[in-house]
Amino acid sequence: MTIRAQSASRAGLYDPGFEHDACGVGFVAERAGRPTPRVLPLALEALARMAHRGAVDADGRTGDGAGVITQIPHDLLASEFARRGARLPSVGSLAVGLLFLPSGGDERRVCREGVTRALRDGGLPLLGWRKVPVREEALGPKARGSRPAIFHLLVGRPGGLTDGEFETRLFLARKEMERRLCPFLPERFAVASLSHRTLVYKALARGVDLAGVYPDLENPLFATAFALFHQRYSTNTLPSWPLTQPFRVLAHNGEINTISGNRARMRSRGAAIAAAGRPEQKALLPLLQEGMSDSANLDNAAEILTRTGHSLLQSIAMLLPPAWENDPDLPRDARAFFEYQAARMEPWDGPALVVFTDGLTVGAATDRNGLRPARTVETRDGLFVLASEAGVVDVAEDNVLSRGRLQPGDLLALDLEQHVVLERPAIHARLAAEKPYRQWLETNARPALLAVRRGAPSAFGGGPSCSVPVLKAFGYTREEMELVLAPMHREGREPLGSMGDDTPLAVLSGKPRLLFSYFKQRFAQVTNPPIDPLREALVMSLATPLGPEGDFWTEGPEHAARVWIDGPVLRPEEVGAVAAGTLGGSCRKVSLRFRTAGGLAAFRRRLDRVIRASVRAAQEGASWIVLSDRGVDARHAALPTLLGAAAVHQSLVRRGLRSRVGLL
């Protein structure tokens, strides 16, 4: 049959770029790390008590989604297959996936064939399929109408593979399934999980109804050492079965304010992988699934990191770092770890509580502002509970060993193999000891640009002209000079005014406007985080790394050679230091000037030449590209720097070159 590709990006006024979540999350775990039948019922009880954390449709039963991550219930599956006369492999040799397949028979057959081919190509034996029991009456009318066919995929472990190699092989097989099927069957084919350690059960249902949807969850044979749970409250989203949480590694309560930039950086890395042409890395593409929520993309990023040599704790620490920049109490080695990693991975910042697991560790992390709460309780009989509020599990007071809560930027984990609870200092010390990060920074760090401010030559041999015609050419007005810039420069204070701004939006204005006027800051959707780096210096920093990024997939001293600046604006002498080669590597200057007599045609020609020159510079090994609008006069204008920088940036991204150069 022929399956037409359908767009998962837009539907009417809906734009998936606004996918955010504000939910209830947590986990219940046995400190001893042994699977027991008491954990899952407690997790389901906690989930049911967070009904206020989940949205409900007008039908009164269809929720935004709820789910759990557990260990694979081997005894439950083995008992069922034994009744069929089949025998399952032992624990650790069996991988199980939860798949959402189309309800139509023809499309479902195509999906099963695609899954089978992906497993075969990955050298993984398909042991069979299991139709997951579902109680339709526990679902609301809308959830029943959109319910996919839900199957367990059972996969065997090839001989000679370590645990990590088996997980990586399963991950790559799942990526191949998604590449083959998701573009043609958006939201009708999804792999909720595929692992030999963990298994996801989730549904477009209320948390209180989850166990009613899946009879497996009420089976007394279901034993697990942990259960991570999530009740979804989506904001400005269209609930769907695939977007229900938990995802494969984590569950998220909050939103990612930096998501547009995070996605763009990951696409840039994907383009670099595609351009490099190494088959083992191209198998990871796409790094992020298109059309998914911010939480799903965070899960993608965490999973990619863990599959490319990073531990789960290191991955979470890189993606959700604490406010390390201005923390005087942070040990030197831990500071070196975060400084080093910040040059490799940008933070996925925003109000967040994230719970995560890879089957060996279960833990939680909060954002640097601490804008999502998390409470903990540990019992004397070995139970550890963490949730987005207190009281979700009944614990007798005489059984309480300790209570606590996560602080801003906190990180906590339960090591199921070592049977210990790891708090932030211990985790930071463990991560900092994995590689000689401080030594790499001390040996390879380039001189900071701050050091070249005094007595350095100005950029390109001459300072900028401040004549009135030049200022007018760049859009400055007398009002801006006197009321906005002058107080900032002379007195170091913010410009304030009592009159309203009645200037029309640039897109509606009948007057010529600067390109910059067409762009506005996008604020956070639910919780506005601090945006003042002076008053909120404790949790915020404008420090920015510059220069070539290097190979994202490996850790080495070369990553320590990036240059840190304390803000995104450079002085002329600092740009001059880059151009003079003070920071190492070659620099290519590209002029944005064009002759005004040529009009629009000259404007377009200059933009094309700027792009070609910048791409050529990157291909020829330049470490820095400086776009300059110097030299504007009566006969010469300049492309807007915003347009020039954006055009060069996007062209380098498309060619997989952006990570090779610093762009000023």
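The set of residues in segment 278-311 that are among the aliphatic types (A, V, I, L, M) and either open to solvent by 10 Å² or more (accessible area, probe 1.4 Å) or farther than 25 Å from residue 415 by Cβ (or both) comprises 283, 284, 285, 287, 288, 292, 296. Evaluation of residue 597 against the conditions (1) modelled with pLDDT under 95; (2) among the aliphatic types (A, V, I, L, M); (3) surrounded by fewer than 16 Cβ atoms within 10 Å (Cβ to Cβ); (4) touching a Lys or Arg at 6+ places or on another chain (Cβ under 8 Å) shows that the sole unmet condition is (1). The criterion of at least 1 residues that are touching a Phe, Trp or Tyr at 6+ places or on another chain (Cβ under 8 Å) is met, among strands (runs of 3 or more DSSP E) falling completely within segment 542-607, by 544-546, 587-591, 593-595.
I'd like to know if segment 396-409 contains one or more residues that are under 23 Å from residue 303 (Cα atoms), in contact with a helix residue (DSSP H, G or I) (Cβ under 9 Å, 6 or more places away or on another chain) and open to solvent by less than 20 Å² (accessible area, probe 1.4 Å). Yes, the conditions are met somewhere in segment 396-409. Among the residues making up segment 431-447, a single one is surrounded by fewer than 17 Cβ atoms within 10 Å (Cβ to Cβ), in a helix (DSSP H, G or I) and of a type in the set (D, E, K, R): 442. Can you say whether residue 138 is touching an Asp or Glu at 6+ places or on another chain (Cβ under 8 Å) and over 30 Å from residue 56 (Cβ atoms), as far as the supplied structure shows? No; evaluated as a whole, the condition is false for this residue. In segment 156-182, the residues that are within 14 Å of residue 93 (Cα to Cα) reach residues that are hydroxyl-bearing (Ser, Thr, Tyr) and open to solvent by 30 Å² or more (accessible area, probe 1.4 Å) with C-beta atoms within less than 6 angstrom, at least six apart or across chains, in these pairs: 157/93. Per the conditions (1) farther than 25 Å from residue 386 by Cβ; (2) open to solvent by 20 Å² or more (accessible area, probe 1.4 Å), the sole criterion not satisfied by residue 189 is (2). Within segment 376-389, is there a residue that is among the polar types (S, T, N, Q), open to solvent by less than 10 Å² (accessible area, probe 1.4 Å), touching a Lys or Arg at 6+ places or on another chain (Cβ under 8 Å) and not in a strand (DSSP E or B)? Within segment 376-389, one or more residues are among the polar types (S, T, N, Q), open to solvent by less than 10 Å² (accessible area, probe 1.4 Å), touching a Lys or Arg at 6+ places or on another chain (Cβ under 8 Å) and not in a strand (DSSP E or B). Residues that are open to solvent by less than 10 Å² (accessible area, probe 1.4 Å), part of a strand (DSSP E or B) and out of contact with any Ser or Thr (no Cβ under 6 Å at 6 or more places or on another chain) occur at least once in segment 334-353. Scanning segment 602-621 for residues that are open to solvent by 10 Å² or more (accessible area, probe 1.4 Å) and touching a Gly at 6+ places or on another chain (Cβ under 8 Å) yields 605, 607. Of all the residues in segment 622-654, those that are among the small types (Gly, Ala, Ser), open to solvent by less than 50 Å² (accessible area, probe 1.4 Å) and not in a helix (DSSP H, G or I) number 6. Checking every residue in segment 424-438 against the condition of being under 18 Å from residue 564 (Cα atoms) and modelled with pLDDT of 75 or more gives at least one match.
When the residues of segment 655-664 are filtered to those that are part of a loop (DSSP other than H, G, I, E, B) and open to solvent by 40 Å² or more (accessible area, probe 1.4 Å), which remaining residue is nearest to residue 596 (Cα to Cα)? Of everything passing the filter in segment 655-664, 664 is nearest to residue 596 (Cα to Cα). Looking at 86, 55, 66, just one residue is small (Gly, Ala, Ser), at pLDDT below 95 and either under 30 Å from the mean Cα position of the chain (by Cα) or over 30 Å from residue 43 (Cβ atoms) (or both), and that residue is 55. Residues that are under 22 Å from residue 552 (Cα atoms) and open to solvent by 40 Å² or more (accessible area, probe 1.4 Å) occur in segment 574-594; there is at least one. Which ones in segment 124-159 are small (Gly, Ala, Ser) and open to solvent by 40 Å² or more (accessible area, probe 1.4 Å)? Answer for segment 124-159, where residues must be small (Gly, Ala, Ser) and open to solvent by 40 Å² or more (accessible area, probe 1.4 Å): 145, 146, 159. If you go through segment 212-257 and pick out every residue that is under 27 Å from the mean Cα position of the chain (by Cα) and under 26 Å from residue 102 (Cα atoms), you end up with 22. For segment 277-324, the helices (runs of 4 or more DSSP H) that sit wholly inside it and include 1 or more residues that are within 20 Å of residue 371 (Cα to Cα) are 294-307, 312-319. For beta carbons closer than 6 Å, sequence separation of 6+ or different chains, a first residue in segment 349-361 that is touching a residue at least 24 places away in the same chain (Cβ under 8 Å) and a second that is surrounded by fewer than 23 Cβ atoms within 10 Å (Cβ to Cβ) and among the β-branched types (Val, Ile, Thr), the qualifying pairs are 349/258; 351/527. Taking the criterion of being in a helix (DSSP H, G or I) and surrounded by fewer than 23 Cβ atoms within 10 Å (Cβ to Cβ), the residues of segment 253-268 that qualify are 259, 260, 261, 263, 264, 265, 266, 267, 268. Counting only residues that are more than 17 Å from the chain's Cα centre (by Cα) and without any contact (Cβ under 8 Å) to a residue 60 or more places away in the chain, which one in segment 364-373 is nearest to residue 323 (Cα to Cα)? Here the residue is 370. The listed residues are 238, 250, and the only one of them that is of a type in the set (A, V, I, L, M), open to solvent by 30 Å² or more (accessible area, probe 1.4 Å) and either under 22 Å from residue 392 (Cβ atoms) or at pLDDT below 90 (or both) turns out to be 238. In segment 126-227, counting only strands (runs of 3 or more DSSP E) that sit wholly within it, the ones holding 1 or more residues that are farther than 30 Å from residue 280 by Cα and touching a helix residue (DSSP H, G or I) at 6+ places or on another chain (Cβ under 9 Å) span 126-131, 149-156, 198-203. Taking the conditions (1) touching a strand residue (DSSP E or B) at 6+ places or on another chain (Cβ under 8 Å); (2) at pLDDT 95 or above in turn, residue 646 satisfies each one other than (1).
The values are calculated or read from the model by the stated rules, or taken from the named source; none is laboratory data. What you see is a predicted model, and the numbers here were worked out from it, not measured in a lab. A quick note on method: Cβ atoms are made from the backbone with ideal geometry, for glycine too, and the neighbour counts reach across all protein chains shown. These accessible areas exclude ligands, DNA and RNA; they are computed on the full protein's heavy atoms, side chains included. Shrake-Rupley method; radii C 1.70, N 1.55, O 1.52, S 1.80 Å.
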